[in-house]
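Worksheet: one structure, shown below.
The values are calculated or read from the model by the stated rules, or taken from the named source; none is laboratory data. Because the structure is a prediction, the values reported are computed rather than measured. Cβ sites come from the backbone with ideal geometry, for glycine too, and all protein chains shown count toward neighbours.
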Amino acid sequence: MKRRSGYLKPGKQAALWSETRAEWIKEHPLGKHEYYICYICWIVDPEHASVFTETNVMLDHVKSRARHPELRTDLTNLRPICAHHNKEKGSLDLNEYLIKIGVVQI
Ligand SMILES: [Zn+2]
C-alpha cells in the first residue's frame with residue numbers, strides 16, 4: 001500500500017496511526033521494570049514525570065503532523081507524551097513549544 005500523506009479518509013488514518021503506534025512500541029520494547037516517560041515532563045520536571053506502559057502510552061510527533069505530514073509515520077519522529085503536554089504542545093514543533101514555555105530562550 002502506498003502511503004499518501006494527507007489524503008487518507010479518517011478511518012484509514014486511524015488504522016494507519018494504530019499500526020504506526022504498534023510499530024513504535026515494537027521498536028522500543030519495555031524491560032521488566034521500565035516505563036515509558038513523557039519526554040516533555042522529562043525536560044521540564046523529571047521528578048514528577050508521567051509514566052506509561054505499552055497499553056496506555058500516547059505518542060507525540062516531535063515535528064508536528066500538521067507542518068511535516070511526511071513525518072507522520074516516521075518512527076524516529078515519535079516520543080511518549082502525557083495528555084497534559086500533548087494538549088499544550090498542540091501542533092507546534094518541539095523547538096517552538098520549548099520556546100513558548102520558556103525552556104529555550106531565543
Ligand atoms: Zn508530560
Take the residues in segment 59-105 that are within 11 Å of the ligand (Cβ to nearest atom) and charged (D, E, K, R); name whichever of them is nearest to HIS28 (Cα to Cα). ARG79
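Residue by residue, here is whether (1) at pLDDT below 95; (2) of a type in the set (A, V, I, L, M, F, W, C) holds:
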position	(1), (2)
SER5	yes, no
LYS12	yes, no
HIS28	no, no
VAL57	no, yes
HIS68	no, no
LYS89	no, no
VAL103	yes, yes
Conditions (1) over 26 Å from LEU8 (Cβ atoms); (2) out of contact with any Ser or Thr (no Cβ under 9 Å at 6 or more places or on another chain); (3) assigned to a helix (DSSP H, G or I); number of the one not met by GLY31: (3)
Can you give me the number of residues within segment 75-106 that are surrounded by 14 or more Cβ atoms within 10 Å (Cβ to Cβ), closer than 27 Å to LYS12 by Cβ and among the charged types (D, E, K, R)? 3
